[in-house]
């Protein structure tokens, strides 16, 4: 395991809410613990399993957001959902100390930047394809998103 893989693993643990992860491989052992975790149970990954399997512990968060959005869409059927075009990490701001691209109440036009989705260490700016007003932001900043997951509700009127 190289330094970059360890850094990626640390970021994964801090973002996902995993309490602790331990990896053991032929004379090499690493344990990472998140002090602000929600889970007390450690996640064990053995050398036979790829490290990429660890995010599955965080997978329920995006799945939990989908039923809520589906329930709200029945009441708000006149709104248009802006969905994620890719899998990655959702960012509302261009940087940590910058303002959000859009907020609830923002008026948008086609081509306006809505958010950034980081995928494979590439930051992809997501632009609006419609005009309207942002009614709701459905994803928290720095949260993982799936392909076709709703990100924003827009009133096209």
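The values are calculated or read from the model by the stated rules, or taken from the named source; none is laboratory data. Only a predicted model underlies this, so the values are computations on that prediction, with no experimental measurement involved. So basically every Cβ, Gly included, is an ideal-geometry build from the backbone, and we count neighbours across all protein chains shown.
Just checking, does the range 20-36 include any residue being under 19 Å from the mean Cα position of the chain (by Cα), at pLDDT below 70 and within 22 Å of residue 145 (Cβ to Cβ)?
Checking the range 20-36: at least one residue is under 19 Å from the mean Cα position of the chain (by Cα), at pLDDT below 70 and within 22 Å of residue 145 (Cβ to Cβ).
Mind listing just one residue for me: the one in the range 102-121 that is in a strand (DSSP E or B) and buried (at least 18 other Cβ atoms within 10 Å of the Cβ) and, of those, nearest to the chain's Cα centre (by Cα)? Spell out the reasoning first.
First, the residues of the range 102-121 that are in a strand (DSSP E or B): 107-108, 113-119.
Restricting the remaining residues to those that are buried (at least 18 other Cβ atoms within 10 Å of the Cβ) gives 108, 114-117.
Numbers: 108: 22, 114: 15, 115: 12, 116: 10, 117: 8 Å.
This residue is 117.
Go through the range 145-157 and count every residue that is touching a strand residue (DSSP E or B) at 6+ places or on another chain (Cβ under 6 Å) and closer than 13 Å to residue 84 by Cβ. Steps first, please.
At the first step, the residues of the range 145-157 found to be touching a strand residue (DSSP E or B) at 6+ places or on another chain (Cβ under 6 Å) are 145, 148, 150-156.
After this cut, where a residue has to be closer than 13 Å to residue 84 by Cβ as well, the list is 145, 148, 150-152.
Counting residues in the range 145-157 that are touching a strand residue (DSSP E or B) at 6+ places or on another chain (Cβ under 6 Å) and closer than 13 Å to residue 84 by Cβ gives 5.
Can you tell which of 74, 107, 89 is more than 28 Å from residue 20 (Cα to Cα) and at pLDDT 85 or above? Reasoning before the result, please.
Details: 74 fails: at pLDDT 85 or above; 89 fails: more than 28 Å from residue 20 (Cα to Cα).
Result of the check over 74, 107, 89: 107.
Could you please tell me which pairs satisfy a Cβ distance under 9 Å, a separation of 6+ or placement on different chains, a first residue in the range 4-18 that is on the phi > 0 side of the Ramachandran plot and modelled with pLDDT under 75, and a second residue that is assigned to a helix (DSSP H, G or I) and surrounded by 14 or more Cβ atoms within 10 Å (Cβ to Cβ)?
17/57; 17/58; 17/61
For the range 137-157, what are the residues that are surrounded by 14 or more Cβ atoms within 10 Å (Cβ to Cβ), touching a residue at least 60 places away in the same chain (Cβ under 8 Å) and farther than 19 Å from residue 120 by Cα? Give the steps one after another, and end with the answer.
So in the range 137-157, the residues surrounded by 14 or more Cβ atoms within 10 Å (Cβ to Cβ) come out as 137-139, 142-146, 149-155.
Checking which are touching a residue at least 60 places away in the same chain (Cβ under 8 Å) leaves us with 138-139, 142-146, 149-155.
Those that are surrounded by 14 or more Cβ atoms within 10 Å (Cβ to Cβ), touching a residue at least 60 places away in the same chain (Cβ under 8 Å) and farther than 19 Å from residue 120 by Cα: 138, 139, 150, 151, 152, 153, 154, 155.
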